[in-house]
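The structure appears right after this line, and notes come after that.
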Amino acid sequence: MTQPLIQSDSLISLKSCSAGESTVVRSLFGLDLAALTGILAEMGERPYRAKQLAEALYRQRVTHLDQVTTLPQALRDRLSEAGWQVGRPSIAESFRSVDGTERYLIQTGSQTVETVWMPEGDDGAENSADSGDEADAESDAPPAASGWRRATICVSSQIGCAVNCQFCLTAKLGLQRNLSAGEIAGQVVAVLERHRVELNKSRVNLVFMGMGEPFLNYDNFMAAVRLLVTEVGLSPQRMTVSTSGIVPGIERFALEPAEVRPKLAISLNAPNDEIRGEIMPVNRKWPIEAVMDAVRKVRLRPRERITFEYVLLGGVTDRVEHAREVARLVRRTGLPVKVNLIAWNPGPGIEYAMPGTEAVDAFRAKLAAEGIPTYVRRPRGRDIFAACGQLKRTMEEGRE
(Lines give C-alpha, C1' and ligand atoms only; values in the text may rest on other atoms or scores of the structure.)
Protein backbone atom coordinates (compact mmCIF):
# COMPACT_ATOMS: atom_id res chain seq x y z
CA MET A 1 0.00 0.00 0.00
CA THR A 2 1.56 3.29 -1.02
CA GLN A 3 0.65 6.53 0.65
CA PRO A 4 1.14 9.89 -1.07
CA LEU A 5 2.75 12.56 1.02
CA ILE A 6 0.14 15.05 2.12
CA GLN A 7 1.75 18.34 3.11
CA SER A 8 0.94 19.65 6.56
CA ASP A 9 -0.87 22.98 6.58
CA SER A 10 0.51 24.05 9.95
CA LEU A 11 4.03 25.02 9.02
CA ILE A 12 3.50 27.69 6.41
CA SER A 13 1.00 30.55 6.46
CA LEU A 14 0.98 34.25 5.64
CA LYS A 15 0.98 37.35 7.79
CA SER A 16 0.68 40.96 6.79
CA CYS A 17 3.63 43.29 7.16
CA SER A 18 3.37 46.98 7.98
CA ALA A 19 4.23 47.86 4.39
CA GLY A 20 1.24 45.93 3.15
CA GLU A 21 3.38 43.06 1.87
CA SER A 22 3.14 39.52 3.13
CA THR A 23 5.85 37.30 4.52
CA VAL A 24 5.97 33.58 4.98
CA VAL A 25 5.48 32.46 8.58
CA ARG A 26 7.52 29.35 9.37
CA SER A 27 7.64 27.13 12.43
CA LEU A 28 10.90 26.56 14.27
CA PHE A 29 9.43 23.70 16.28
CA GLY A 30 10.04 20.50 14.34
CA LEU A 31 13.49 21.53 13.11
CA ASP A 32 16.49 19.65 14.45
CA LEU A 33 19.75 21.18 15.63
CA ALA A 34 21.37 20.96 12.19
CA ALA A 35 18.49 22.85 10.57
CA LEU A 36 18.43 25.48 13.31
CA THR A 37 22.20 25.89 12.94
CA GLY A 38 21.77 26.51 9.22
CA ILE A 39 19.07 29.13 9.75
CA LEU A 40 21.12 31.05 12.27
CA ALA A 41 24.30 30.72 10.22
CA GLU A 42 22.52 32.56 7.40
CA MET A 43 21.99 35.35 9.91
CA GLY A 44 25.69 35.38 10.77
CA GLU A 45 25.23 33.69 14.14
CA ARG A 46 27.56 31.17 15.78
CA PRO A 47 26.50 27.49 16.26
CA TYR A 48 26.05 27.89 20.02
CA ARG A 49 23.07 30.14 19.36
CA ALA A 50 21.33 27.23 17.62
CA LYS A 51 21.94 25.07 20.68
CA GLN A 52 20.38 27.74 22.86
CA LEU A 53 17.37 27.89 20.56
CA ALA A 54 16.96 24.09 20.50
CA GLU A 55 17.20 23.99 24.29
CA ALA A 56 14.44 26.59 24.55
CA LEU A 57 12.17 24.85 22.04
CA TYR A 58 12.48 21.28 23.25
CA ARG A 59 13.66 21.33 26.88
CA GLN A 60 12.28 24.62 28.18
CA ARG A 61 9.12 24.15 26.05
CA VAL A 62 8.66 27.79 25.10
CA THR A 63 5.69 28.79 22.96
CA HIS A 64 6.82 32.28 21.87
CA LEU A 65 10.12 33.69 20.68
CA ASP A 66 9.96 36.35 23.40
CA GLN A 67 10.41 33.53 25.94
CA VAL A 68 13.79 32.55 24.47
CA THR A 69 15.67 34.86 26.81
CA THR A 70 19.03 33.17 26.13
CA LEU A 71 18.98 34.82 22.71
CA PRO A 72 19.57 38.58 22.42
CA GLN A 73 16.43 40.62 21.82
CA ALA A 74 17.86 41.81 18.52
CA LEU A 75 18.22 38.23 17.27
CA ARG A 76 14.69 37.34 18.38
CA ASP A 77 13.43 40.36 16.49
CA ARG A 78 15.33 39.36 13.36
CA LEU A 79 13.91 35.84 13.51
CA SER A 80 10.40 37.22 13.87
CA GLU A 81 10.89 39.71 11.04
CA ALA A 82 12.10 36.84 8.83
CA GLY A 83 8.80 35.07 9.46
CA TRP A 84 9.93 32.57 12.10
CA GLN A 85 7.74 31.63 15.03
CA VAL A 86 7.84 28.78 17.57
CA GLY A 87 4.80 27.15 15.97
CA ARG A 88 4.35 24.28 18.41
CA PRO A 89 0.96 22.54 18.29
CA SER A 90 -1.31 23.55 21.18
CA ILE A 91 -4.11 21.91 23.14
CA ALA A 92 -7.40 23.25 21.80
CA GLU A 93 -9.83 21.07 23.79
CA SER A 94 -9.42 18.71 26.73
CA PHE A 95 -11.66 15.96 28.04
CA ARG A 96 -11.19 14.18 31.36
CA SER A 97 -12.34 10.66 32.20
CA VAL A 98 -13.53 9.42 35.56
CA ASP A 99 -10.38 7.24 35.62
CA GLY A 100 -8.01 10.21 35.23
CA THR A 101 -7.32 9.70 31.52
CA GLU A 102 -7.25 12.91 29.49
CA ARG A 103 -7.99 13.20 25.78
CA TYR A 104 -6.86 16.26 23.87
CA LEU A 105 -7.73 17.83 20.59
CA ILE A 106 -4.37 19.22 19.49
CA GLN A 107 -4.48 22.17 17.11
CA THR A 108 -2.35 21.57 14.02
CA GLY A 109 -2.92 24.41 11.60
CA SER A 110 -6.61 24.55 10.68
CA GLN A 111 -7.29 21.00 11.94
CA THR A 112 -7.10 19.06 15.17
CA VAL A 113 -5.68 15.64 15.99
CA GLU A 114 -6.09 13.51 19.11
CA THR A 115 -3.60 12.70 21.84
CA VAL A 116 -4.24 10.81 25.09
CA TRP A 117 -2.61 11.05 28.53
CA MET A 118 -2.94 7.96 30.74
CA PRO A 119 -1.60 8.34 34.29
CA GLU A 120 -0.41 4.93 35.50
CA GLY A 121 -0.73 3.54 31.96
CA ASP A 122 -3.11 0.76 30.94
CA ASP A 123 -1.32 -2.37 32.25
CA GLY A 124 -0.08 -3.21 28.76
CA ALA A 125 3.37 -4.61 28.11
CA GLU A 126 4.95 -1.18 27.72
CA ASN A 127 4.14 -0.54 31.40
CA SER A 128 5.07 -3.92 32.81
CA ALA A 129 8.14 -5.12 34.61
CA ASP A 130 8.73 -7.32 31.58
CA SER A 131 9.07 -4.48 29.13
CA GLY A 132 12.69 -5.28 28.40
CA ASP A 133 13.90 -1.89 29.55
CA GLU A 134 16.50 -1.44 32.22
CA ALA A 135 14.79 1.76 33.32
CA ASP A 136 11.78 -0.24 34.50
CA ALA A 137 13.44 -0.32 37.89
CA GLU A 138 11.92 3.16 38.20
CA SER A 139 8.53 1.55 38.87
CA ASP A 140 9.20 2.04 42.58
CA ALA A 141 9.91 5.74 42.12
CA PRO A 142 7.89 8.14 44.29
CA PRO A 143 4.80 9.67 42.69
CA ALA A 144 4.93 13.00 40.91
CA ALA A 145 3.40 16.06 42.55
CA SER A 146 0.12 15.26 40.78
CA GLY A 147 0.03 11.78 42.33
CA TRP A 148 1.02 9.54 39.39
CA ARG A 149 4.11 7.31 39.40
CA ARG A 150 4.24 6.71 35.65
CA ALA A 151 2.23 7.79 32.63
CA THR A 152 1.73 6.92 28.99
CA ILE A 153 1.10 9.37 26.15
CA CYS A 154 -0.68 7.96 23.11
CA VAL A 155 0.46 9.88 20.02
CA SER A 156 -1.09 10.26 16.56
CA SER A 157 0.85 10.20 13.29
CA GLN A 158 -1.92 11.15 10.85
CA ILE A 159 -5.27 12.90 10.94
CA GLY A 160 -7.60 10.01 10.29
CA CYS A 161 -6.38 6.72 8.85
CA ALA A 162 -6.38 4.94 5.50
CA VAL A 163 -5.99 1.37 6.79
CA ASN A 164 -9.74 1.02 7.43
CA CYS A 165 -9.76 -1.57 10.20
CA GLN A 166 -13.43 -2.45 10.52
CA PHE A 167 -13.51 -2.31 14.33
CA CYS A 168 -11.83 1.12 14.68
CA LEU A 169 -13.69 4.41 14.99
CA THR A 170 -10.78 6.38 13.50
CA ALA A 171 -11.35 4.55 10.22
CA LYS A 172 -14.65 6.44 9.89
CA LEU A 173 -12.66 9.63 9.27
CA GLY A 174 -10.68 8.22 6.37
CA LEU A 175 -7.24 9.73 5.83
CA GLN A 176 -7.23 13.52 5.89
CA ARG A 177 -3.50 14.15 5.90
CA ASN A 178 -0.10 13.16 7.26
CA LEU A 179 1.29 15.01 10.24
CA SER A 180 4.69 16.68 10.03
CA ALA A 181 7.53 15.72 12.37
CA GLY A 182 6.87 18.87 14.40
CA GLU A 183 3.18 18.08 14.69
CA ILE A 184 3.92 14.56 15.93
CA ALA A 185 6.61 15.58 18.42
CA GLY A 186 4.60 18.68 19.34
CA GLN A 187 1.78 16.55 20.75
CA VAL A 188 4.23 15.03 23.20
CA VAL A 189 5.82 18.32 24.28
CA ALA A 190 2.43 20.02 24.68
CA VAL A 191 1.25 17.22 27.00
CA LEU A 192 4.53 17.14 28.93
CA GLU A 193 4.18 20.87 29.50
CA ARG A 194 0.52 20.59 30.55
CA HIS A 195 1.50 18.16 33.30
CA ARG A 196 4.79 19.91 34.16
CA VAL A 197 6.66 16.66 33.59
CA GLU A 198 10.32 16.62 34.59
CA LEU A 199 11.85 13.85 32.51
CA ASN A 200 14.72 13.26 34.90
CA LYS A 201 12.25 12.62 37.73
CA SER A 202 9.21 11.05 36.09
CA ARG A 203 8.64 7.89 34.09
CA VAL A 204 6.76 8.56 30.86
CA ASN A 205 6.17 6.08 28.04
CA LEU A 206 5.12 6.99 24.50
CA VAL A 207 2.96 4.76 22.33
CA PHE A 208 2.48 5.72 18.69
CA MET A 209 -0.94 4.09 18.65
CA GLY A 210 -3.23 7.08 18.17
CA MET A 211 -4.79 8.22 14.94
CA GLY A 212 -3.17 6.91 11.77
CA GLU A 213 -0.68 4.30 10.62
CA PRO A 214 2.85 5.49 11.50
CA PHE A 215 4.51 3.44 8.77
CA LEU A 216 2.38 5.15 6.09
CA ASN A 217 3.94 8.42 7.26
CA TYR A 218 7.33 6.86 7.87
CA ASP A 219 9.73 9.74 7.22
CA ASN A 220 7.84 12.22 9.38
CA PHE A 221 7.28 9.64 12.12
CA MET A 222 10.97 8.78 12.39
CA ALA A 223 12.00 12.43 12.16
CA ALA A 224 9.70 13.06 15.14
CA VAL A 225 11.26 10.16 17.04
CA ARG A 226 14.73 11.57 16.43
CA LEU A 227 13.59 14.96 17.73
CA LEU A 228 12.10 13.36 20.82
CA VAL A 229 15.27 11.39 21.50
CA THR A 230 18.01 13.88 20.64
CA GLU A 231 16.34 17.21 21.45
CA VAL A 232 13.58 16.48 24.00
CA GLY A 233 15.58 13.82 25.85
CA LEU A 234 13.24 10.82 25.81
CA SER A 235 14.56 7.26 25.60
CA PRO A 236 13.59 5.21 22.52
CA GLN A 237 13.22 2.26 24.88
CA ARG A 238 10.32 4.15 26.44
CA MET A 239 8.61 4.35 23.04
CA THR A 240 6.53 1.75 21.22
CA VAL A 241 5.24 2.09 17.67
CA SER A 242 2.31 -0.01 16.49
CA THR A 243 1.76 -0.95 12.86
CA SER A 244 -1.09 -2.78 11.20
CA GLY A 245 1.47 -4.69 9.17
CA ILE A 246 2.92 -2.34 6.54
CA VAL A 247 5.71 -4.64 5.34
CA PRO A 248 7.91 -2.02 3.59
CA GLY A 249 7.72 0.14 6.69
CA ILE A 250 8.70 -2.75 8.97
CA GLU A 251 11.65 -3.51 6.71
CA ARG A 252 12.82 0.12 6.86
CA PHE A 253 12.30 0.15 10.60
CA ALA A 254 14.50 -2.93 10.97
CA LEU A 255 17.42 -0.89 9.59
CA GLU A 256 17.09 1.96 12.09
CA PRO A 257 19.96 2.26 14.62
CA ALA A 258 19.10 1.04 18.10
CA GLU A 259 19.83 4.43 19.65
CA VAL A 260 16.79 5.99 17.96
CA ARG A 261 14.54 2.99 17.30
CA PRO A 262 11.38 2.56 19.38
CA LYS A 263 10.10 -0.87 20.30
CA LEU A 264 7.78 -2.53 17.79
CA ALA A 265 4.20 -3.70 18.20
CA ILE A 266 2.23 -5.51 15.52
CA SER A 267 -1.54 -5.12 15.47
CA LEU A 268 -2.35 -8.76 14.77
CA ASN A 269 -6.00 -8.85 15.93
CA ALA A 270 -6.88 -12.16 14.28
CA PRO A 271 -5.64 -15.77 14.39
CA ASN A 272 -5.48 -16.37 10.63
CA ASP A 273 -5.59 -14.67 7.24
CA GLU A 274 -9.25 -15.45 6.62
CA ILE A 275 -10.51 -13.57 9.67
CA ARG A 276 -7.83 -10.89 9.50
CA GLY A 277 -8.65 -10.12 5.86
CA GLU A 278 -12.26 -9.49 6.85
CA ILE A 279 -11.57 -7.13 9.73
CA MET A 280 -8.29 -5.60 8.45
CA PRO A 281 -8.28 -5.01 4.67
CA VAL A 282 -4.50 -4.36 4.78
CA ASN A 283 -4.07 -8.11 5.25
CA ARG A 284 -5.11 -8.68 1.65
CA LYS A 285 -1.94 -6.95 0.50
CA TRP A 286 0.39 -8.09 3.26
CA PRO A 287 -0.86 -11.33 4.82
CA ILE A 288 0.29 -12.56 8.20
CA GLU A 289 3.26 -14.58 6.99
CA ALA A 290 4.65 -11.61 5.02
CA VAL A 291 4.38 -9.50 8.16
CA MET A 292 6.12 -12.18 10.22
CA ASP A 293 8.94 -12.42 7.66
CA ALA A 294 9.49 -8.67 7.92
CA VAL A 295 9.40 -8.74 11.74
CA ARG A 296 12.15 -11.36 11.80
CA LYS A 297 14.51 -8.77 10.27
CA VAL A 298 14.34 -6.53 13.34
CA ARG A 299 17.47 -6.86 15.48
CA LEU A 300 16.28 -6.63 19.05
CA ARG A 301 18.17 -5.06 21.91
CA PRO A 302 18.99 -7.22 24.94
CA ARG A 303 15.77 -8.16 26.81
CA GLU A 304 13.62 -6.51 24.14
CA ARG A 305 10.55 -8.30 22.77
CA ILE A 306 8.18 -7.84 19.88
CA THR A 307 4.67 -7.05 21.08
CA PHE A 308 1.61 -8.42 19.30
CA GLU A 309 -1.53 -6.39 19.91
CA TYR A 310 -4.73 -8.41 19.73
CA VAL A 311 -8.21 -6.88 19.84
CA LEU A 312 -10.79 -9.34 21.14
CA LEU A 313 -14.04 -9.00 19.17
CA GLY A 314 -16.90 -10.86 20.81
CA GLY A 315 -17.71 -14.03 18.85
CA VAL A 316 -15.22 -13.15 16.10
CA THR A 317 -11.66 -13.35 17.45
CA ASP A 318 -12.08 -14.32 21.11
CA ARG A 319 -12.35 -18.10 21.13
CA VAL A 320 -9.93 -20.44 22.87
CA GLU A 321 -9.08 -22.12 19.56
CA HIS A 322 -8.11 -18.66 18.26
CA ALA A 323 -5.70 -18.30 21.20
CA ARG A 324 -4.10 -21.61 20.22
CA GLU A 325 -3.60 -20.35 16.66
CA VAL A 326 -2.14 -17.06 17.91
CA ALA A 327 0.36 -18.91 20.10
CA ARG A 328 1.54 -20.91 17.09
CA LEU A 329 1.84 -17.78 14.96
CA VAL A 330 3.93 -15.74 17.37
CA ARG A 331 6.17 -18.68 18.28
CA ARG A 332 7.01 -19.14 14.61
CA THR A 333 8.74 -15.76 14.56
CA GLY A 334 11.57 -17.32 16.55
CA LEU A 335 11.84 -14.00 18.44
CA PRO A 336 11.15 -13.05 22.05
CA VAL A 337 7.49 -12.00 22.01
CA LYS A 338 4.62 -10.93 24.21
CA VAL A 339 0.92 -10.37 23.57
CA ASN A 340 -1.28 -7.46 24.65
CA LEU A 341 -4.95 -8.39 24.73
CA ILE A 342 -7.44 -5.55 24.21
CA ALA A 343 -11.14 -6.07 24.84
CA TRP A 344 -12.80 -4.21 21.97
CA ASN A 345 -13.91 -0.68 22.87
CA PRO A 346 -17.29 0.16 21.32
CA GLY A 347 -17.92 3.11 19.05
CA PRO A 348 -21.06 4.46 17.35
CA GLY A 349 -21.80 2.88 14.00
CA ILE A 350 -19.49 -0.12 14.46
CA GLU A 351 -21.32 -3.45 14.55
CA TYR A 352 -19.11 -5.57 16.80
CA ALA A 353 -19.61 -6.78 20.35
CA MET A 354 -17.41 -6.55 23.41
CA PRO A 355 -16.08 -9.92 24.57
CA GLY A 356 -17.29 -11.33 27.86
CA THR A 357 -15.00 -11.32 30.87
CA GLU A 358 -14.92 -15.11 30.80
CA ALA A 359 -13.78 -15.12 27.17
CA VAL A 360 -10.98 -12.65 27.91
CA ASP A 361 -9.81 -14.69 30.89
CA ALA A 362 -9.92 -17.96 28.93
CA PHE A 363 -8.00 -16.44 26.02
CA ARG A 364 -5.31 -15.09 28.32
CA ALA A 365 -5.08 -18.36 30.20
CA LYS A 366 -4.64 -20.36 27.00
CA LEU A 367 -1.82 -18.12 25.76
CA ALA A 368 -0.15 -18.35 29.16
CA ALA A 369 -0.47 -22.13 29.10
CA GLU A 370 1.23 -22.08 25.70
CA GLY A 371 4.14 -20.20 27.26
CA ILE A 372 3.35 -16.77 25.76
CA PRO A 373 3.77 -13.76 28.09
CA THR A 374 0.37 -12.09 27.95
CA TYR A 375 -1.08 -8.86 29.34
CA VAL A 376 -4.66 -7.60 29.32
CA ARG A 377 -4.71 -3.88 28.57
CA ARG A 378 -7.03 -2.08 30.95
CA PRO A 379 -9.46 0.17 29.04
CA ARG A 380 -8.75 3.81 29.82
CA GLY A 381 -11.05 6.72 29.04
CA ARG A 382 -13.93 4.81 27.46
CA ASP A 383 -16.38 7.40 28.80
CA ILE A 384 -14.64 10.18 26.82
CA PHE A 385 -13.88 8.15 23.67
CA ALA A 386 -10.18 7.98 24.54
CA ALA A 387 -9.74 4.20 24.59
CA CYS A 388 -7.96 2.16 21.92
CA GLY A 389 -9.84 2.37 18.62
CA GLN A 390 -12.14 5.20 19.74
CA LEU A 391 -10.24 8.28 18.52
CA LYS A 392 -12.41 10.28 16.14
CA ARG A 393 -12.23 13.85 17.50
CA THR A 394 -15.51 13.26 19.36
CA MET A 395 -16.67 16.49 21.03
CA GLU A 396 -19.64 15.42 23.17
CA GLU A 397 -18.17 13.68 26.19
CA GLY A 398 -16.13 14.77 29.20
CA ARG A 399 -15.15 18.30 28.15
CA GLU A 400 -13.32 20.25 30.85
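The values are calculated or read from the model by the stated rules, or taken from the named source; none is laboratory data. Since the structure is predicted, the reported quantities are computational estimates derived from the model, not experimental observations. Cβ atoms come from the backbone with ideal geometry, glycine included; neighbour counts cover every protein chain shown. Surface accessibility is based on the protein's heavy atoms, side chains included, excluding ligands, DNA and RNA. Shrake-Rupley method; radii C 1.70, N 1.55, O 1.52, S 1.80 Å.
Here are the numbers for this structure:
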read-out: Cα gyration tensor shape for the range 333-375, rounded if a/c is under 1.5, else prolate or oblate; value: oblate
read-out: For Lys366, net neighbour charge (Lys/Arg +1, Asp/Glu -1) across residues whose Cβ lies under 12 Å away; value: -1
read-out: Surface accessible to a 1.4 Å probe, per residue, for the residues of the range 221-364, Å²; value: 38
read-out: Heavy atoms of Val62: accessible area, 1.4 Å probe, square angstrom to 10; value: 10
read-out: Alpha-carbon centroid distance for the pair the range 30-101 / the range 191-268, whole angstrom; value: 22
read-out: Amide proton proximity set for Lys263, modelled H, under 5 Å, gap of 5+; value: Met239, Thr240, Val241
read-out: Residue-count net charge about Glu213 - beta-carbon cut-off 14 Å; Lys, Arg +1, Asp, Glu -1; value: +1
read-out: Area of His195 that stays accessible when all protein chains are in place (1.4 Å probe, Å², to 10); value: 40
read-out: Point-charge dipole on Cβ atoms (K/R +1, D/E -1) for the range 225-361, about Cα centre, debye to 20; value: 720
read-out: From phi via Karplus (6.51, -1.76, 1.60), per-residue ³J(HN,Hα) for the range 262-269 in Hz, x at Gly/Pro; value: x, 6, 10, 10, 10, 7, 7, 6
read-out: Spin-label model distance (nm) - Ala41 vs Glu256, 7 Å beyond Cα toward Cβ; value: 2.7
read-out: The range 156-289: C-alpha gyration tensor shape, a/c 1.5 cut-off, then a/b vs b/c; value: prolate
read-out: Net length gained if the chain between Gln166 and Lys285 were fully extended (0.36 nm per residue, minus Cα distance); value: 41.2 nm
read-out: GluC sites (Glu not before Pro) restricted to the range 139-232 and DSSP loop, no more than 14 other C-beta within 10 Å; value: Glu198
